[in-house]
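The values are calculated or read from the model by the stated rules, or taken from the named source; none is laboratory data. Because the structure is a prediction, the values reported are computed rather than measured. We place every Cβ from the backbone using ideal geometry, glycine too, and count neighbours over all the protein chains shown.
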Amino acid sequence: MPDVCLVSMPYQLLHLPSLGIGQLVSAAKEKGIDARAVYARFWFAEKIGLIKYNMVCYLLNTGSLLAEWTFSGAAFPDHQDGADDFLSMAISSYHEDKLIDIFLKNYYKHTNINANFRDILWEIRTEADNFIGEAAERILEMKPLIVGCSSTFQQHCSSLALLKKIRELDPGVITIMGGGNCEGVMGQAALRCFPWLDFVMSGEADFNFPEFCALALAGKTALKQDQLPYGVISREYASASDDNDMTAPVVLVDDMDKIPMPDYNDYFEELEKLSGKETIIPELVIETSRGCWWGQKRKCSFCGLNGNKMRYRRKSAGRIINEISGMSQKYAQHRFFVADNIMDMGYFKELFPRLPETGPDQKQFFFETKSNLNEQHVKALKQAGVNRIQPGIESLNDNALKLMNKGNSAAGNVALLIYALENGVKVSWNYLIAMPGEEDAWNDKTSRWLPLIFHLEPPIDICTIRFDRYSHYFYQQDLFGLDLSPFRTYSSIYPVAGSEIKKMAYFFEDNNKGIRGEGPGSRRLRACYKDWFKAFFNSSLGTCLPVDYRFDGRPRLLMRVEENKTIITDTRECAFKNKFSLEGLEHKVHKYCRRPRPVAALRESFNPHFGMDVKQGELDEAVNRLQEWKLLLIVGGRALSLATYETAYNKKSIAQVISACEWLKDM
């Protein structure tokens with residue numbers, strides 16, 4: 001029987017084991033502590049069915065708090081008076097979401113029940129209430145002395161409900177929570193508001209959690225704050241705290257190579273018991289770094305990730321190679337989800353060339369990257385097995401990118417989409433609008449040229465920017481003209497004072513928003529996006545889907561470059577004509593603008609490159625013709641050729657991996 005149970009509660013994606021819990025279980029075992037990971041999210045998925053569980057994970061926007069609402073009744077049974085009103089308000093934002101309609105049709109197909117969205121959410125909430133008691137009893141049958149939950153984004157209410165029931169059934173069990181929702185003042189507020197919670201872990205608990213467990217298991221259950229490892233917060237400390245984000249205890253690990261490899265034995269053991277396990281394709285979650293090297297230089301304005309843990313730290317290439325090799329062999333899995341906030345650019349020289357050392361099988365990786373990747377970078381990623389990236393494109397307007405401190409350009413972002421499509425690298429990105437200082441005309445201007453790139457992968461959605469704790473927007477509200485308060489939905493979830501909600505909340509809304517993001521330019525951009533998505537995916541769905549999804553009719557702008565000419569086929573709706581044979585100066589300009597080139601200095605760089613002496617007027621005429629033919633984009637003062645090379649990935653009908661949920665597979 002384990003002394004320590006670390007529980008992964010709903011809602012977390014079923015195909016990903018918990019990195020945090022896996023690392024803590026491994027760290028505890030290294031210190032001789034009997035610890036076990038408990039994947040209670042599998043139990044709940046089994047109870048309500050994979051279709052409903054995946055609906056919550058993939059369709060319910062994190063900021064809506066609808067996922068938290070499904071467990072709030074179990075956590076706070078006396079706080080239900082406004083539950084239906086909250087539901088009405090929350091689901092109103094989904095009234096145009098085509099995926100909801102698709103889900104309901106598929107639900108009927110599998111269950112023969114003609115349900116509506118509201119009824120299904122109420123059913124999940126009712127099942128959650130029953131589930132908490134069952135889960136607590138199953139865990140207590142293991143006779144643990146410590147029960148902890150990891151809470152990130154949509155796991156807070158389910159974790160609180162479970163620990164509350166654990167306390168009711170066995171008051172002697174020590175309860176603890178950690179994860180992003182418990183960092184700093186958020187964790188301190190949770191300790192004050194929820195008396196069944198004994199401790200929270202704030203920050204990176206790889207080494208202080210085993211130390212805490214050793215103290216607690218030695219019988220020191222009434223531990224005082226001065227006896228606890230740094231980063232472990234007691235109610236004693238929380239009650240006396242000044243709740244300052246800048247001074248709240250947050251522990252960081254300096255030497256990443258000393259962190260134990262995650263233990264996923266319990267994940268795979270539990271997965272084997274799950275009905276419908278054949279529909280789940282696991283990915284091993286690893287991390288190669290923590291923090292953000294870009295954020296250390298110039299943090300993106302909207303980013304609330306990392307909290308006070310921005311300092312960038314990474315593992316050595318040798319350690320990463322050993323971890324990939326060891327985990328792949330141990331679990332017979334070759335798909336890896338890299339949980340880093342940003343990829344180290346040094347990996348192109350230090351890591352990717354060494355990946356063959358991990359074994360003969362071809363590994364597949366997902367990475368978050370910066371969007372300033374050039375053509376050679378993307379080719380190297382593909383060769384290394386990185387076939388999915390989240391590059392932080394965020395916008396295709398230079399003014400908006402500057403406002404957000406992105407350190408990239410619209411032309412550079414479009415170039416990345418070109419290189420990725422040619423190399424078969426899936427790009428996940430959102431288009432953000434309505435940031436403070438945005439002018440509606442920017443969105444209108446972008447929408448005018450957007451049809452030129454309908455042959456490239458569109459964003460997942462056009463999203464109104466969100467204001468998160470720890471972001472520049474949160475800390476510098478006066479500078480940005482903001483008046484932030486927690487999402488109104490928090491008060492419907494948690495029965496606590498508004499002053500505590502302000503400290504517990506991660507998502508905030510602007511009371512000064514006005515019509516930002518709702519002007520005619522923004523509406524035009526949203527409409528253009530829908531056309532783009534429909535054209536590319538041959539679908540009117542408003543977001544990405546889950547499996548290998550084949551599409552035949554998407555627009556193409558394909559080129560074949562010969563020695564003295566470029567042959568182009570254009571099937572875009574905006575095409576000037578369907579066939580081009582570029583020769584002479586047009587051929588050279590088109591070839592030269594394969595990557596973004598500053599228009600103002602085009603002649604100065606063009607002539608030396610080709611050893612020519614082209615007059616400015618001649619060059620201008622060639623550029624203008626390519627623009628007229630809609631083969632050249634000029635945005636933000638940079639010129640970029642838009643055609644993609646004919647490759648195995650984009651010439652014919654191809655299977656494009658798009659992430660979503662299994663219940664769309666049969667449609």
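What is the number of the single condition among (1) among the polar types (S, T, N, Q); (2) under 30 Å from Ile281 (Cβ atoms); (3) buried (at least 21 other Cβ atoms within 10 Å of the Cβ) that Gln362 does not meet?
Only one criterion is unmet by Gln362, namely (3).
Residues of region 565-586 being closer than 22 Å to Gln616 by Cα, surrounded by fewer than 19 Cβ atoms within 10 Å (Cβ to Cβ) and touching a strand residue (DSSP E or B) at 6+ places or on another chain (Cβ under 6 Å), which ones?
Answer for region 565-586, where residues must be closer than 22 Å to Gln616 by Cα, surrounded by fewer than 19 Cβ atoms within 10 Å (Cβ to Cβ) and touching a strand residue (DSSP E or B) at 6+ places or on another chain (Cβ under 6 Å): Lys565, Glu583.
In the set Ala411, Ala332, Ala400, which member is surrounded by fewer than 19 Cβ atoms within 10 Å (Cβ to Cβ), more than 30 Å from Val251 (Cα to Cα) and more than 20 Å from the chain's Cα centre (by Cα)?
Ala332
In the list Ala205, Ala190, Ala161, which residue meets the criterion of being in the same structural domain as Ala248 (by TED's automatic domain parsing), among the aliphatic types (A, V, I, L, M), surrounded by 24 or more Cβ atoms within 10 Å (Cβ to Cβ) and part of a loop (DSSP other than H, G, I, E, B)?
Answer to the check: Ala205.
Examine region 273-284 for a residue that is part of a strand (DSSP E or B) and aliphatic (A, V, I, L, M), and state whether such a residue exists.
For region 273-284, residues part of a strand (DSSP E or B) and aliphatic (A, V, I, L, M): present.
For every residue, the table says whether it meets (1) of a type in the set (D, E, K, R); (2) at pLDDT 95 or above; (3) at positive phi; (4) assigned to a helix (DSSP H, G or I).
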position: Lys591; (1), (2), (3), (4): yes, yes, no, yes
position: Ser605; (1), (2), (3), (4): no, no, no, yes
position: Asp613; (1), (2), (3), (4): yes, no, no, no
position: Asn624; (1), (2), (3), (4): no, yes, no, yes
position: Ala639; (1), (2), (3), (4): no, yes, no, no
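Out of curiosity, is Glu562 outside the structural domain of Glu375 (by TED's automatic domain parsing), surrounded by 17 or more Cβ atoms within 10 Å (Cβ to Cβ) and among the acidic types (Asp, Glu)?
Here the answer is no, as Glu562 does not meet what is asked.
Residues that are in contact with a helix residue (DSSP H, G or I) (Cβ under 9 Å, 6 or more places away or on another chain) and at pLDDT below 90: find the helices (runs of 4 or more DSSP H) completely inside region 21-102 holding 3 or more of those. Spell out how you get there, then give the answer.
On the way: elements: 40-48, 50-59, 66-75, 83-91.
Those helices (runs of 4 or more DSSP H) span 50-59, 83-91.
Any residue that is out of contact with any Gly (no Cβ under 9 Å at 6 or more places or on another chain) and closer than 12 Å to Met256 by Cα - is there at least one of those in region 325-339?
no
Residue-wise test of (1) among the hydrophobic types (A, V, I, L, M, F, W, C); (2) under 16 Å from Lys309 (Cα atoms).
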position	(1), (2)
Asp206	no, yes
Lys224	no, no
Tyr237	no, no
Asn244	no, yes
Val250	yes, yes
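Take the residues in region 439-448 that are in contact (Cβ under 8 Å) with a residue 40 or more places away in the chain and surrounded by fewer than 18 Cβ atoms within 10 Å (Cβ to Cβ), then tell me which one is nearest to Phe507 (Cα to Cα).
Glu439
Residues are listed down the side, and each one gets a yes or a no for (1) part of a helix (DSSP H, G or I); (2) modelled with pLDDT under 95; (3) surrounded by fewer than 19 Cβ atoms within 10 Å (Cβ to Cβ):
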position: Thr221; (1), (2), (3): no, yes, yes
position: Glu236; (1), (2), (3): yes, yes, yes
position: Met246; (1), (2), (3): no, yes, yes
position: Glu270; (1), (2), (3): yes, no, no
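Could you list all residues from region 223-234 that are among the hydrophobic types (A, V, I, L, M, F, W, C) and at pLDDT below 90?
Correct list: Leu223 only.
Failed condition for Tyr107, given (1) closer than 25 Å to Asn181 by Cβ; (2) out of contact with any Ser or Thr (no Cβ under 8 Å at 6 or more places or on another chain); (3) among the aromatic types (Phe, Trp, Tyr), with all others met?
Status for Tyr107: all satisfied but (1).
Taking into account only those residues within region 302-315 that are more than 17 Å from the chain's Cα centre (by Cα) and buried (at least 20 other Cβ atoms within 10 Å of the Cβ), which is farthest from Asp344 (Cα to Cα)?
Filtering first and then ranking leaves Lys309.
Name the pairs: first residue in region 108-127 and on the phi > 0 side of the Ramachandran plot, second residue among the aliphatic types (A, V, I, L, M) and in a helix (DSSP H, G or I), Cβ to Cβ under 6 Å, at least 6 apart or on different chains?
none
Within the set of pairs 6 or more residues apart or between chains, which connect a residue that is assigned to a loop (DSSP other than H, G, I, E, B) inside region 165-180 to a residue that is surrounded by 21 or more Cβ atoms within 10 Å (Cβ to Cβ) and of a type in the set (Ser, Thr, Tyr) with Cβ atoms less than 9 Å apart?
Gly179/Ser150; Gly179/Ser151; Gly179/Ser159
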